[in-house]
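The values are calculated or read from the model by the stated rules, or taken from the named source; none is laboratory data. The structure presented is a predicted model; accordingly, all values stated were derived computationally and were not measured. For neighbour counting, all protein chains shown are included, and Cβ atoms are generated from backbone atoms with ideal geometry for every residue, glycine included.
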């Protein structure tokens with residue numbers, strides 16, 4: 001069952017948003033993904049957000065570049081948690097336009113915001129939200145994080161044992 005909705009403003013956002021999909025695959029979390037534009041398809045966006053709960057979604061990850069209104073507008077239409085991924089697009093102002101558009105939400109319409117192009121963290125955060133009521137998923141996340149710890153420990157050992165030539 002798809003528990004996470006992953007949406008993006010255009011297909012150019014897909015390489016960034018695929019990172020959320022990859023980590024959700026690793027953690028065994030079902031998701032759906034599609035392109036929806038807050039500006040070019042506002043009716044479709046509103047329908048997606050208002051029907052998300054009835055479709056079984058529990059969290060929405062929304063990535064957008066430029067003016068990046070998608071996460072905030074989706075959050076305005078649903079009671080589900082929305083995680084915004086600011087995407088550095090080709091017409092972006094170093095990504096700051098996207099970051100601020102997602103981060104500076106008015107009171108009452110929260111959007112959790114990850115780093116610029118931070119879809120991997122958005123996927124992990126979505127899984128952590130779901131894990132508050134799923135002990136098996138929580139165990140998979142704990143194992144995943146243990147793997148991250150071991151990866152750093154192994155890298156540290158490699159660096160410390162490296163002798164310049």
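Scanning for something outside any helix (DSSP H, G or I), farther than 13 Å from residue 7 by Cβ, touching a residue at least 40 places away in the same chain (Cβ under 8 Å) and out of contact with any helix residue (DSSP H, G or I) (no Cβ under 9 Å at 6 or more places or on another chain), does the range 131-140 turn up at least one residue? Among the residues of the range 131-140, not one is outside any helix (DSSP H, G or I), farther than 13 Å from residue 7 by Cβ, touching a residue at least 40 places away in the same chain (Cβ under 8 Å) and out of contact with any helix residue (DSSP H, G or I) (no Cβ under 9 Å at 6 or more places or on another chain), which makes the answer no.
Annotation note: of 20, 38, the sole residue that is assigned to a loop (DSSP other than H, G, I, E, B) and either over 16 Å from residue 81 (Cα atoms) or touching a residue at least 60 places away in the same chain (Cβ under 8 Å) (or both) is 38. Of all the residues in the range 42-72, those that are farther than 14 Å from residue 13 by Cβ, part of a loop (DSSP other than H, G, I, E, B) and touching a strand residue (DSSP E or B) at 6+ places or on another chain (Cβ under 9 Å) number 5.
For the range 127-165, a residue qualifies if it is modelled with pLDDT under 80 and either within 15 Å of residue 23 (Cβ to Cβ) or surrounded by 11 or more Cβ atoms within 10 Å (Cβ to Cβ) (or both), but none of them does.
Among the residues of the range 73-85, those that are surrounded by fewer than 24 Cβ atoms within 10 Å (Cβ to Cβ) and not in a loop (DSSP other than H, G, I, E, B) comprise 73, 76, 77. Within the range 7-15, does at least one residue satisfy the condition of being in contact with a strand residue (DSSP E or B) (Cβ under 9 Å, 6 or more places away or on another chain), closer than 19 Å to residue 124 by Cα, in a strand (DSSP E or B) and touching a residue at least 40 places away in the same chain (Cβ under 8 Å)? Yes, some residue in the range 7-15 is in contact with a strand residue (DSSP E or B) (Cβ under 9 Å, 6 or more places away or on another chain), closer than 19 Å to residue 124 by Cα, in a strand (DSSP E or B) and touching a residue at least 40 places away in the same chain (Cβ under 8 Å). Close Cβ contacts (under 8 Å, 6 or more residues apart or on different chains) running from residues in the range 88-103 that are at pLDDT 85 or above to residues that are assigned to a helix (DSSP H, G or I) comprise 88/98; 89/12; 89/13; 89/98; 101/72; 102/71; 102/72.
Residue count for the range 86-108 satisfying the condition of being surrounded by fewer than 14 Cβ atoms within 10 Å (Cβ to Cβ) and assigned to a loop (DSSP other than H, G, I, E, B): 8.
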